[in-house]
Amino acid sequence: DGGITQSPKYLFRKEGQNVTLSCEQNLNHDAMYWYRQDPGQGLRLIYYSQIVNDFQKGDIAEGYSVSREKKESFPLTVTSAQKNPTAFYLCASSIIGSYNEQFFGPGTRLTVL
Amino acid sequence: AQSVSQHNHHVILSEAASLELGCNYSYGGTVNLFWYVQYPGQHLQLLLKYFSGDPLVKGIKGFEAEFIKSKFSFNLRKPSVQWSDTAEYFCAVNAPHNNDMRFGAGTRLTVKP
């Protein structure tokens, strides 16, 4: 089955700890994205990557970091510098080119206690 | 950068009622437009998209949207909703020169049986 997997589905962390969210795709897509979804605010872009070993900041990159060492994987680290990390995080991928739709994973709900 | 406004936060309809969800974007140039849907507990998925040509676009499950350039709008419509259309709907836009997609805040649709 082709698709995007995100793990875990629910994640709990103590304040002050860094946490890494996993995103893997087997669609052979070059571009991958991380969004944060909050009620009433829609999806906001955190980071995106169009090629291995390269990535760009989105609108709300502060307090987050990413890596893209493999085409299939785009992990997101929520650092202790992120002031309000509790949220629903969505990973997506697409073929390069703005005409192409983005395919989304099931999301990870992060709760920082 | 482009931005998207969805004015209806929560819409409640009875089955068989007609639906129109508003979407306006702000960007001076050519844009690509999308509607995504998030059913309860499911992944975000594409309903329909517009790049060029006929401004009336038909999507899955009987949905359609009309691009009105002069109004910077891309409203979503369905003549007769079903209980299974209960979901959150997101309008999104990107510019042809990049993969950087912007989403609206979303509209939650509740269809009463």
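The values are calculated or read from the model by the stated rules, or taken from the named source; none is laboratory data. On a predicted model such as this, the values are computed, not experimentally measured, just so you know. Note that each Cβ is placed from the backbone with ideal geometry, even for glycine, and that neighbours are counted across all protein chains shown.
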On the given criteria, is A:Asp59 under 22 Å from A:Ser7 (Cβ atoms), within 11 Å of chain B (Cβ to nearest Cβ) and surrounded by fewer than 17 Cβ atoms within 10 Å (Cβ to Cβ)? no
Pick from segment A:87-104 the residues that are out of contact with any Ser or Thr (no Cβ under 9 Å at 6 or more places or on another chain) and either without any contact (Cβ under 8 Å) to a residue 40 or more places away in the chain or not aliphatic (A, V, I, L, M) (or both): which of them is farthest from the other protein chains (Cβ to nearest Cβ)? A:Ser93
Residues A:Leu11, A:Leu45: which one is free of Cβ contacts under 8 Å to residues at least 24 places away in the same chain, closer than 22 Å to B:Gln38 by Cα and either surrounded by 15 or more Cβ atoms within 10 Å (Cβ to Cβ) or in contact with a Cys (Cβ under 7 Å, 6 or more places away or on another chain) (or both)? A:Leu45
Considering each residue of segment A:74-86, count those that are away from every other protein chain (no Cβ under 14 Å) and either hydrophobic (A, V, I, L, M, F, W, C) or within 10 Å of the chain's Cα centre (by Cα) (or both), and give that number. 5
Residue check for B:Glu20: modelled with pLDDT of 95 or more, surrounded by 16 or more Cβ atoms within 10 Å (Cβ to Cβ) and assigned to a strand (DSSP E or B): no
So which of B:Val81, B:Val57, B:Val11 is surrounded by 20 or more Cβ atoms within 10 Å (Cβ to Cβ), of a type outside the set (D, E, K, R) and under 23 Å from B:Arg102 (Cβ atoms)? B:Val57
Residue, surrounded by the most Cβ atoms within 10 Å (Cβ to Cβ), within segment A:63-89, restricted to residues that are in contact with a strand residue (DSSP E or B) (Cβ under 6 Å, 6 or more places away or on another chain) and within 12 Å of A:Glu24 (Cα to Cα): A:Phe74
Scan segment B:101-113 residue by residue and report those that are more than 10 Å from the chain's Cα centre (by Cα), assigned to a loop (DSSP other than H, G, I, E, B) and within 8 Å of another protein chain (Cβ to nearest Cβ). B:Met101, B:Ala105
Considering only residues that are within 13 Å of the chain's Cα centre (by Cα) and part of a loop (DSSP other than H, G, I, E, B), which ones fall in segment B:38-71? B:Gly59, B:Phe63
Taking segment B:1-25 as the region of interest, how many residues are under 15 Å from the mean Cα position of the chain (by Cα) and either over 18 Å from B:Ser80 (Cβ atoms) or of a type in the set (Lys, Arg) (or both)? 12
Out of all the residues in segment B:89-100, is one or more farther than 13 Å from B:Tyr25 by Cβ, hydroxyl-bearing (Ser, Thr, Tyr), more than 9 Å from every other protein chain (Cβ to nearest Cβ) and in a loop (DSSP other than H, G, I, E, B)? no
Top-ranked residue in segment A:14-42 [being within 12 Å of chain B (Cβ to nearest Cβ) and more than 11 Å from the chain's Cα centre (by Cα); ranked as surrounded by the fewest Cβ atoms within 10 Å (Cβ to Cβ)]: A:Gly40
